[in-house]
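What follows is one structure encoded as structure tokens, with my remarks underneath.
What follows draws every value from the coordinates through simple rules; no lab data is involved. Remember, predicted model here, so these are calculated numbers, not experimental data. With ideal geometry, Cβ positions are generated from the backbone for all residues, glycine too; neighbour counts draw on all protein chains shown.
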Ligand SMILES: [Cu+2]
């Protein structure tokens, strides 16, 4: 499919909410949203002195650089902050993971705009990329406290990401570190484009090019047979979270294909994504999909190439 067709599909497949939802994060993938983010960034800079100062200090290029290096790596952004995260302190301890989102005055946020059918997406991953979880906690609207039953299965230093849009505000992804006592042997992520999960064989194809829009295609098979019965999950046939190795900068990548037409709709075996990665280097990718009535997560590791090294684009 040519670029124009792909963009068209993209526009049709993504609800307007997607563009609004992810317009603020320069890291984020959708082409449409990426284009929009530039405009919104300019607008938002008027209200953000620090951001403005950073931009001016770098001859006008700082805004882009600052946005690309800080998205999803801070506990405060966009006028909101992630409170300290309360969770069990040791492996195996049954408890609750709790936190609040605070506004600029320190008051807990109790009203949100749903993104992909949820008010808040919680991503938890160990610093080495292992132990990934993508879950949806419950909001106590009277206190603004988010909570979810929780226990750790492995020790280590974890990053917790809250991906949300407060009512009337741009979406942000805020993050904190939570340490879980005990010894752990970190896993060095090696490049991986094929994996097996819950009886499904899942592969990812495509080149990640720093600073460019890259198309990634995930393919799901079972016993060698393409799976064409992928089910809608959170308004799409799959969700892809990408984290940059090193600082775990957070990218929520979204499907390029048409959205499910209803709860009975099915798709597969391919799910396509648009990814915009800010820098060369290694990325940890987590593909959540629904099949046979339950959610599965396939993990991949891809290296992004330096954009300047690629002079021609081949398809
Ligand atoms: Cu989610």
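Summary value for region 194-309: 32 percent relative contact order, contacts being C-alpha pairs under 8 angstrom separated by 6+ residues.
The convex hull defined by the C-alpha atoms of region 76-180 has an orientation-averaged projected area of 6.2 nm². The order of the peptides 256-263, 73-80, 270-277 by mean Cβ neighbours within 10 Å, most packed first, is 270-277, 73-80, 256-263.
Note: region 136-268, Cα convex hull, 192 Å³ per residue.
Prolate is the label for region 194-309, because a/c, from the alpha-carbon gyration tensor with a ≥ b ≥ c as root eigenvalues, is 1.5 or above and a/b exceeds b/c.
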